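Structure, as structure tokens:
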Amino acid sequence: MLWHLASHYPEPVPSSTHSIIIPSLCASLPYIIRARQCLIMHTVGKIKNDPKRYQHLLNALKYSTSLFPLCVSAYQKTISEESAANLEYLLVTLLTINSLYSFAWDVVMDWGMMQNPTAVLEHAGCVPVPSSQAKGKSCGHAVLRNRLRFGLLSSVSILAADLILRFSWLLRYHEGVLFPNADAYVLCTQFLEAFRRAIWNLLRVEWENIKQMKSKSGSKKSPARSNLKSDDEEEQRPLFIGSNSTSISAPRSNAM
């Protein structure tokens, strides 16, 4: 897609059929491939009788919501300006659904946050919670997750940035004011998307590390030790284990 834009630089891309079809297909291909992979994983999960195989269907639905705005946007370029303006409300609705769905998937599934729907009500006092469970937990940790290796402030900042950048398509309605031409707008949104994916990876890798560390600690320790070890003790384990943390954890492994 960037090659197609660069081939016409510094002139804008002409409004011809191939200039509409080629960028639209290039933009749709990654979503089609990922949706197909999710459907294949759902089929595999069905064969293995995986109780969580429905998550692959929800993931495929997430990628499919990205295709509808692309189709509407490409169709708008083939009709008159008056007819295209009538489809603008439909396009905004589809883009909003895709942005909110994708953001919710980022938070809950990719980052492992906000998986307890009653946490907000518990801290608001609407739902009673035992004092032993609420002790030592801030509202942010309870709502997001107990272990935040990057800290509460950094995690919340990444969440806010991800939500804002999910709606970067709103810049198209200020395209004439902020950008010299349409190609500059496309290039800017591509860079914003690259930045969003970079900060998305921070929490994604963090969540995978937490799951792997939890899985390893659960397989190595005895059942009696497993009942004694609390989440607060596990939360003190660093994200990147160095020589200092190894010397500290050595007596613990000898005791096992």
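The values are calculated or read from the model by the stated rules, or taken from the named source; none is laboratory data. Keep in mind that what you see is a predicted model, and the values were worked out from it rather than measured. Cβ atoms come from the backbone with ideal geometry, glycine included; neighbour counts cover every protein chain shown. Just the protein is used for accessible areas: all its heavy atoms, side chains included, with ligands, DNA and RNA removed. Shrake-Rupley method; radii C 1.70, N 1.55, O 1.52, S 1.80 Å.
Quick notes
- Between PHE167 and ILE199, the FRET efficiency estimated from the beta carbon spacing at R0 = 25 angstrom works out to 0.95.
- Calculated from backbone phi, Karplus (6.51, -1.76, 1.60) coupling profile of segment 145-156 in Hz, x at Gly/Pro: 6, 5, 10, 10, 5, 8, x, 5, 5, 5, 5, 5
- Each principal axis of the Cα atoms in segment 148-190 has its own extent, and those three values, largest first, are 42, 15, 12 angstrom.
- For segment 164-222, the fraction of 1.4 Å probe accessible surface lying on carbon and sulfur atoms is 64 percent.
- Amide hydrogen neighbours beyond the local backbone of LEU144, cut-off 5 Å, H modeled: MET114
- At R0 = 35 Å, FRET efficiency that the Cβ-Cβ distance of PHE150 and SER83 yields, to 0.05: 0.15
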